[in-house]
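The values are calculated or read from the model by the stated rules, or taken from the named source; none is laboratory data. Quick caveat: nothing in here was measured; it's all calculated off a predicted structure. Methodologically, a virtual Cβ is constructed for each residue, glycine included, from the backbone with ideal geometry; neighbour enumeration extends over all protein chains shown. Remember, those area values only see protein heavy atoms, side chains included, never the ligands or the DNA or RNA. Shrake-Rupley method; radii C 1.70, N 1.55, O 1.52, S 1.80 Å.
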Amino acid sequence: MDNPWRLRWQEGRIGFHLAATHTALPQHWPELGVEEGAKVLVPLCGKSLDMRWLAEQGHPVLGVELAPEAIEQFLAQREEGVTRYRQSGFEVFRQGSVELWCGDFFHLHIKQADEVRAFYDRAALIALPPATRERYAFHLAQLIPPGAKGLLVALTHQEGEAGPPFNVPDHEIERLLAPNFRVDRLATVPADERGRRESFWALERRGPRV
């Protein structure tokens with residue numbers, strides 16, 4: 001999560017951002033059986049409208065994002081009051097039932113995620129280079145309590161080492177996440193015109209915490 005992401009936001013090169021809720025959420029989130037009112041962690045959240053959808057389902061949302069530009073753009077989507085404060089190196093913004101923590105995801109401490117009971121990853125794992133994906137999978141497992149469930153949107157493509165988004169094949173998802181999560185592939189969609197193919201995964205944290 002180095003400064004190239006900041007540069008992308010500053011220059012408006014955010015082709016990874018979707019102008020609508022990802023179809024994976026209404027299709028697959030209900031399959032997870034996440035408890036009503038469970039707080040959902042969204043790592044590397046950008047200004048994703050998926051957080052609005054989760055909030056509309058009754059879930060408090062904790063989004064973590066490095067780029068303040070993304071957070072400001074998310075908050076500007078609605079004329080709704082915003083509470084701002086600082087906590088342990090993060091600048092925190094609360095709008096409705098969505099909290100956005102501006103800072104490095106890897107600096108988020110287990111105590112700060114204490115209320116999290118579910119998670120959603122649409123553009124975190126695939127945004128990270130291989131070595132950092134190892135670190136991400138371990139840190140995510142530290143933050144998520146046993147029994148918590150999550151939805152992962154993964155991506156494969158034929159562009160070699162190019163990214164982000166990076167090519168993360170099925171066997172790598174299993175290798176990274178299966179030690180600490182039960183992993184179940186829900187669906188894979190046909191490749192688009194660029195040869196990029198999304199897959200959707202249900203995860204459940206094994207216990208105890210690592």
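Values computed for the structure shown
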{"item": "Selection from region 102-126 of residues that are part of a strand (DSSP E or B) and within 26 Å of GLY147 (Cβ to Cβ)", "result": "VAL116, ARG117, ALA118, PHE119, TYR120, ASP121"}
{"item": "ALA70 being in contact with a Phe, Trp or Tyr (Cβ under 7 Å, 6 or more places away or on another chain), at pLDDT below 95 and part of a helix (DSSP H, G or I)", "result": "yes"}
{"item": "Answer residue from region 102-151, given it is basic (Lys, Arg) and closer than 26 Å to ASP184 by Cβ and is most open to solvent (accessible area, probe 1.4 Å) among those", "result": "ARG135"}
{"item": "Test: residue in region 94-101 that is open to solvent by 50 Å² or more (accessible area, probe 1.4 Å), assigned to a strand (DSSP E or B) and closer than 21 Å to ASP121 by Cα", "result": "yes"}
{"item": "Subset of region 35-66 that is more than 15 Å from the chain's Cα centre (by Cα) and open to solvent by 30 Å² or more (accessible area, probe 1.4 Å) - its residue that is modelled with the lowest pLDDT", "result": "GLU36"}
{"item": "Residue satisfying condition, being under 29 Å from PRO190 (Cβ atoms), loosely packed, with under 12 Cβ neighbours inside 10 Å and either modelled with pLDDT under 95 or hydroxyl-bearing (Ser, Thr, Tyr) (or both), within set GLY81, GLY15", "result": "GLY15"}
{"item": "Selection from region 164-210 of residues that are among the hydroxyl-bearing types (Ser, Thr, Tyr) and either touching a His at 6+ places or on another chain (Cβ under 7 Å) or open to solvent by less than 30 Å² (accessible area, probe 1.4 Å) (or both)", "result": "SER199"}
